[in-house]
Amino acid sequence: MHVVDTVNDMQNICNKFIQSGETIGFVPTMGYLHEGHLSLIKKAREENSKVIISIFVNPLQFGPNEDYDTYPRDFDRDKKLANEAGADYIFHPTVNEMYPDDMTVQLTVKKRTNVLCGRNRKGHFDGVATILLKLFSIIRPNRAYFGLKDAQQVAIVDGLIRDFNLPITLCPVATVREHDGLAKSSRNVNLTTDERLEAPYLYKSLLEGEKLIQAGERNPNVVITTVKEYLQSHIKGFIEYVEIYSFPSLQPLIRLEGKIIIALAVKYSKARLIDNIIIKI
């Protein structure tokens, strides 16, 4: 496995792959890899002749009071894990390499951001879309892999690829879970013992909502109320939201039909957990 830290070198490597007919699977990350990231790399390995991951903590997607400076970084550990999962290259640029000057053009995401976590993270997905368009332009992948745990990000990337007619196949990958159903996250280590014991009820509450839909319920408010009540009876964490939308358009629904997402967020003392399930009705 090779590490590349300049835009020019990465572009030259990818150009040679494209000219020789190789297929490129790309996994963009901010590092501190966990099993969710590794599942993306392994999926890309199955479906492409070359696998490239990026490790870049993007300052554009952090707000003024967010944790850019303290965001966990451990490149030596990431390099070992990425190699074991099957990556061929890691693109690991510095901030100055990616943003040598003030941006002349920066993307603004106009839809799919005013719900779920995006509601309270103004500008976050503008930063996500901007860095992804840069990375897509540098690497020119055939396929790009994203975890469905952050389903709102998947929806934004879907819009980015469609709106800019990018010749990239978006490959969403199912959420990786612990044995008890809790979605894998680097933030899980911040849960107290009691919080960790009750955290699996987040996923169980979503399954209660799914069960109701499978039984024929089509009123989103009824499903939301059921999920909330289940959560309230099993956890002490603060429920930030339980919401249902069409997916990936993230539009509110009067009646449940088509492809939908049930998503939730719960705040604990030192960790904020998100989870979701996507259902085809």
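Where a number appears in this text, it was derived from the coordinates with a stated rule and is not lab data. Just so it is clear, the model here is predicted, and its values are computed rather than measured. FYI the Cβ positions are ideal-geometry reconstructions off the backbone, even for glycines, and counts take in every protein chain you see.
Mind running the shape call on region 54-178? Use the C-alpha gyration tensor, a ≥ b ≥ c as the square roots of the eigenvalues: rounded below 1.5 for a/c, prolate if a/b tops b/c, oblate otherwise. Can you show the working numbers first?
Working: a/c = 1.25, a/b = 1.14, b/c = 1.09.
Verdict is rounded for region 54-178.
Rg(Cα) of the chain divided by 2.2 N^0.38 Å?
Working: Rg = 19.3 Å, N = 281, 2.2 N^0.38 = 18.7 Å.
Expressed relative to 2.2 N^0.38 Å, the Cα Rg reads 1.03.
If a helix is a whole DSSP H run, which ones in the chain reach 20 Å or further along their own axis (Cα) and hold a mean Kyte-Doolittle hydropathy of at least 0.0? Can you show the working numbers first?
Values: long enough: 124-139 (23 Å, 1.50); 220-234 (21 Å, -0.12).
Result, helices passing both filters: 124-139.
Within 10 Å of each residue's Cβ, count the other Cβ atoms and sort I18, I235 from fewest upward. Mind dumping the intermediate values first?
Details: I18 16, I235 20.
Ascending Cβ contact count within 10 Å gives the list I18, I235.
Measure out, as a whole number of angstrom, how far apart the alpha-carbon centroids of region 218-249 and region 47-62 sit.
32 Å
Compute, for the chain, the length of the dipole vector about the Cα centre, with Cβ point charges of +1 (Lys, Arg) and -1 (Asp, Glu) only. Units Debye, rounded to 20.
Numbers: 35 positive and 34 negative charges, 130 e Å.
Computed about the Cα centre, the dipole is about 620 debye.
Order these by the 10 Å Cβ neighbour count, fewest first: Y145, Y99, Y203. Mind dumping the intermediate values first?
Working: Y145 26, Y99 16, Y203 21.
So the residues, fewest neighbours to most, are Y99, Y203, Y145.
Taking amide H atoms as placed 1.01 Å from N in the peptide plane, list the residues 5 or more away in sequence, or in a different chain, whose amide H sits under 5 Å from that of L107.
When sequence neighbours closer than 5 places are left aside, the close amide H contacts are T130.
Among bridges DSSP assigns within the chain, what percent are antiparallel (round to 5)? All intermediate terms of the calculation are to be shown ahead of the outcome.
Working: 18 of 37 bridges.
Among the beta bridges of the chain, antiparallel pairing accounts for roughly 50 percent.
Kindly rank 205-214, 52-61 from highest to lowest mean number of other beta carbons found within 10 Å of each residue. If you can, show how the numbers build up before the last one.
Details: 205-214: 18.3, 52-61: 21.3.
Peptide ranking by packing, descending: 52-61, 205-214.
Please identify every one of the GluC sites (Glu not before Pro) in region 40-76 that sits in a loop by DSSP and has no more than 14 other beta carbons within 10 Å of its own beta carbon. Mind dumping the intermediate values first?
Details: sites: E46, E47, E66; in loops: E66.
Sites meeting the loop and neighbour criteria: E66.
Can you tell which of T70, L38, G21 lies farthest toward the positive end of the dipole of region 1-70, using +1 and -1 charges on the Cβ of basic and acidic side chains (Lys, Arg; Asp, Glu)?
G21
Kirkwood Rh over alpha-carbon pairs of region 185-255, then Stokes-Einstein at 20 °C and 1.002 mPa s: what D in µm² s⁻¹, rounded to an integer?
Working: Rh = 13.4 Å.
The calculation lands on 160 µm²/s.
Under the classification rounded if a/c is under 1.5, otherwise prolate if a/b is larger than b/c and oblate if not, where does region 154-281 fall, given a ≥ b ≥ c as square roots of the Cα gyration tensor eigenvalues?
Details: a/c = 2.17, a/b = 1.27, b/c = 1.71.
Cα axes put region 154-281 in the oblate bin.
Using amide H atoms built in the peptide plane, which far-off residues or other-chain residues are under 5 Å from G147 H to H?
Counting only residues 5 or more places away or on other chains, the set is V173.
Pairs to check: K43/K270; K42/K211; K80/K149; K184/K267. Give those whose C-alpha atoms are more than 27 Å from each other in this structure. Each step should come with its number before you reach the end.
Details: K43/K270 32 Å; K42/K211 31 Å; K80/K149 24 Å; K184/K267 16 Å.
Where the Cα-Cα span goes over 27 Å, the pairs concerned are K43/K270; K42/K211.
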